[in-house]
Each structure stands twice: as C-alpha cells, then as structure tokens.
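Scroll down for the structure; my scribbles are underneath it.
The values are calculated or read from the model by the stated rules, or taken from the named source; none is laboratory data. Fair warning: this is a prediction, and the values are worked out from it, not measured in the lab. For neighbour counting, all protein chains shown are included, and Cβ atoms are generated from backbone atoms with ideal geometry for every residue, glycine included.
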Amino acid sequence: MTNTVPARTEDLPRTQVQRRILIVLVAAQVLSGAGLAAGVTVGALLAQDMLSSTSLAGLPSALGTAGSALAALAVGRISQARGRRPGLAAGYLAGAVGSAGVIAAAVVGNAVLLFLSLFVYGAGTATNLQARYAGADLASPARRASAVSTVLVATTLGGVVGPNLAAPTGDLAHTLGIPYLAGPFLLAGAAYAIAALILAIWLRPDPLLLAGTLEAERTAAACAHPGDATGGPRPAVKGHRSRLRVGALVMVLTQLVMVAIMTMTPVHLHDHGHGTGASGFVIAVHIGAMYLPSPLTGWLVDRTGQLTIAAASGLTLLAAGIVAANTPGDSVAPLAVALALLGLGWNFGIVTGTAIITDAVPLATRARTQGLVDVAIAIAGATGGMASGLVVAAAGYPLLAIGGGILALAIVPAAVATVRSR
C-alpha cells in the first residue's frame, strides 16, 4: 500500500494532466500564431511607409524583439515564482496592448508611439516561445522534444492563416478609417487577448508548479527508501554546463539569422513590384515551415540525438541563404522555397535547443534560466532585425541572405565539439 499513492501521483501528469495541458497550450498557440504572423507580415512595410526609409525598415523587428527580451525575462521570473499560467497570460495580454498601440500610432501618424507600441507588442512573440517550455515541464526526458514540438506545431495554423489575412484585415481597417497596413494588428490584438484568457482560465493545474510538487515527492520517497534507486531524483546530465551553452548558442544563432532574412524579405518583394498578397504568401510558407515540421523534428531529436539535429539546423540555414541570394527579384516561388528552408532550419534549432536547455537545468531554476536564455534569443533577433535593413540598404538583399547562412554554420562545429567531449 505504501507504494500505491506515489505511483498514481507520478503517472497522472504524464497521461491525463499532461494531455489536458497540451490541449490548452495548443488552443492558445493557434491564436498567438495568428497574432505573431500578422505583425511580421506588415511591420517593416508600415515603418517604411511612415518613415519613407528602407534603411529603417528593420527597426520594427528590432524593437519587437528587444521588447520580447524584456518580456522573456519577466515571463520567466513570474513563471518561476507563481507558475506558467500567470506568466504566459500576462505576456499575451501585453502583446494585445502593444497591438492596440500600433493601430493608434498609425491613425495619428506618430512614429514615436509606433516604436513604443512595437516594443510592447514584442511580448507576444516572447510568450509564444516561452509556451514551449510549459509543454515540456511534465514530459518524461525521452518524450521532451516531442512535447515541445506539439506546442510549436500548434502555432502553424494561426501562423499560416495570419499573413493571408493581411489583405482582408487591411480592407477592414480601411473601412474603419484606419490605415491599411495597420489592419493585421487588429487581428493580432484580438488573438493575443483571447489566448491570454484561455490560459488564465484553463491552464490548470499549472505544469511547472505540479512538476515541482512531484519532484518534492520523489525526493521525499528517496529519503524514506534510500535503497530504492527508482525513487531518487533524475541524475544531472553529464557536461550540463557545456550543453547549456550549446543549447543557447543554437537558438541564438538560428533566431538571429531567421529574423534578419525574414524581416527584409517583404521589403525585397515590395521593391521589386510585388504586392502585399505576395509578401503574405511567402511569409505564410515561412511560418508554416517554422512550426509544421515540429512533430517530425521532435521525433528525430528523441531518436537520433539533440546535437545531430542541432548541426542539421546550421546546414539548413546555409541552404536557405544560398537559395534566397540566387533568386531573381521578379520570382516569388524560389523565394518561398528559401523562406521555407529558413523556417525549417529555425525549427530544427529551436526544438533541439529547448530540449537541451530543459535537460541541462534543474527544476528549481528552470523557468528563470529559460527566461534568461530567451532574453539572449530576443536580443539576437533584435540585432538581426536592426542590422538587416542597414545591410540591405548598403549591399543588397543577396548579401544579407548569404551572410546569414554562413553565420549559421557556426552551430556545426559547436555541436561536433560537444559530442566529442562527452
């Protein structure tokens, strides 16, 4: 009888509770994916229109990702102290407020308000990424990457639909007396607000708090029965510090390269005579590739190893840069292929890096450390977004694309070195 209750308690989160948590996270991610993608599609174009400058077209992306850095830190700290539910809900609510601010800035033509609002809007992006950690909190180590991928793939539906609603929401905005390019932020604001509501009401029990309770129970059981090896806490991963660094490096580089190339692609298309529909299509393909392969990526990571897929992310991003750099300006289809490869490389990196970080960090500091890593990811994205406009203005889009691909190759030797050190 003494072993019955702990066994039932430990089995529960890996079946019923974990399934419920994943369902709630999936519902929120579908909505947040639409909010994230809508802003990505027109953010650079809106800044270009208001500032009449291509060199500053990367500024919205830079501000959004800088805002996501602060949000990642805040969400991580709130989650560590109070659980994933209040942390994620607060992040999405901030994203909704930022969306409303962008709309107001476009109406009054105030660039300062636009930039401030885009900074706040970045909280939605940070929260969308932080949600992947919530999916892994209760997953067994052998299923961790698959759990992360389930949360990520949920973003696909909203991420693909969002950009393709750029034209209809622009028309709606025009009808309401709002500038056309601000229309997608109507969708973003509503999507983020509803996602926050879903998490605040239904993300119960809280996955991080429950994981802490279960860890305490296992530790107590190990103390009560020291001869029972199965009751003790999970041993630390060998070389956890080096793996932590590699996991962070993988996600930082993939984010930097992805944001830089993605940000300037709509501007590149616009400069070659393509309309909002073409930009929406290419970005939809890109975001679909960012999230849709997640189940396959999770399966590959769990079975072939984290560092193998980490190296594959660098090679895939290089391929994306090569294809984008060699695509004629009047061609949309090859550029869509390049952006699909860009999204796939990011997917490989983010799923692998998340699994590495989660395995390497103890539960007592997990959410706080994850938040700090996501701060680095956001700063990298801000750097890529800001630099992208300057590079394109000075040297052109092809150089930006090929340069990003070459930079991503740094992931490969880092992964190889870590494998050899084990």
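Would you call VAL107 out of contact with any Ser or Thr (no Cβ under 8 Å at 6 or more places or on another chain), over 20 Å from VAL375 (Cβ atoms) and part of a helix (DSSP H, G or I)?
Judged against the criteria, VAL107 is a match.
Here is a check on your reading of the model: is ALA123 without any contact (Cβ under 8 Å) to a residue 60 or more places away in the chain and either part of a helix (DSSP H, G or I) or crowded, with 24+ Cβ neighbours inside 10 Å (or both)?
For ALA123, the condition - without any contact (Cβ under 8 Å) to a residue 60 or more places away in the chain and either part of a helix (DSSP H, G or I) or crowded, with 24+ Cβ neighbours inside 10 Å (or both) - is met.
Given the structure, is ALA360 free of Cβ contacts under 8 Å to residues at least 12 places away in the same chain and either under 15 Å from the mean Cα position of the chain (by Cα) or surrounded by fewer than 24 Cβ atoms within 10 Å (Cβ to Cβ) (or both)?
no
Looking for something modelled with pLDDT of 95 or more, surrounded by 22 or more Cβ atoms within 10 Å (Cβ to Cβ) and under 19 Å from LEU36 (Cβ atoms) - is there at least one such residue anywhere in the range 317-339?
Yes, the range 317-339 contains at least one residue that is modelled with pLDDT of 95 or more, surrounded by 22 or more Cβ atoms within 10 Å (Cβ to Cβ) and under 19 Å from LEU36 (Cβ atoms).
Out of the residues in the range 378-422 meeting the condition of being among the polar types (S, T, N, Q) and under 15 Å from MET262 (Cα atoms), tell me which one is modelled with the highest pLDDT.
SER388
Outside any helix (DSSP H, G or I) and in contact (Cβ under 8 Å) with a residue 40 or more places away in the chain - does that describe any residue in the range 96-103?
Taking every residue of the range 96-103 in turn, none turns out to be outside any helix (DSSP H, G or I) and in contact (Cβ under 8 Å) with a residue 40 or more places away in the chain.
Residues of the range 301-315 being crowded, with 21+ Cβ neighbours inside 10 Å and without any contact (Cβ under 8 Å) to a residue 60 or more places away in the chain, which ones?
Scanning the range 301-315 gives ILE309, ALA312.
Taking only pairs six or more apart or across chains, which ones have beta-carbon atoms under 6 Å, a first residue in the range 175-200 that is in contact (Cβ under 8 Å) with a residue 24 or more places away in the chain and under 18 Å from LEU22 (Cβ atoms), and a second residue that is crowded, with 24+ Cβ neighbours inside 10 Å and hydrophobic (A, V, I, L, M, F, W, C)?
Hits for this filter: ALA195/ALA28; ALA195/LEU31; ILE198/ALA28; LEU199/ALA28; LEU199/LEU88.
Is one or more of the residues making up the range 236-252 touching a residue at least 40 places away in the same chain (Cβ under 8 Å), charged (D, E, K, R), closer than 30 Å to THR219 by Cα and not in a helix (DSSP H, G or I)?
yes
For the range 256-277, which positions are in contact with a Gly (Cβ under 8 Å, 6 or more places away or on another chain) and under 15 Å from GLY403 (Cα atoms)?
LEU256, VAL257, MET258, VAL259, ALA260, ILE261, THR263, MET264
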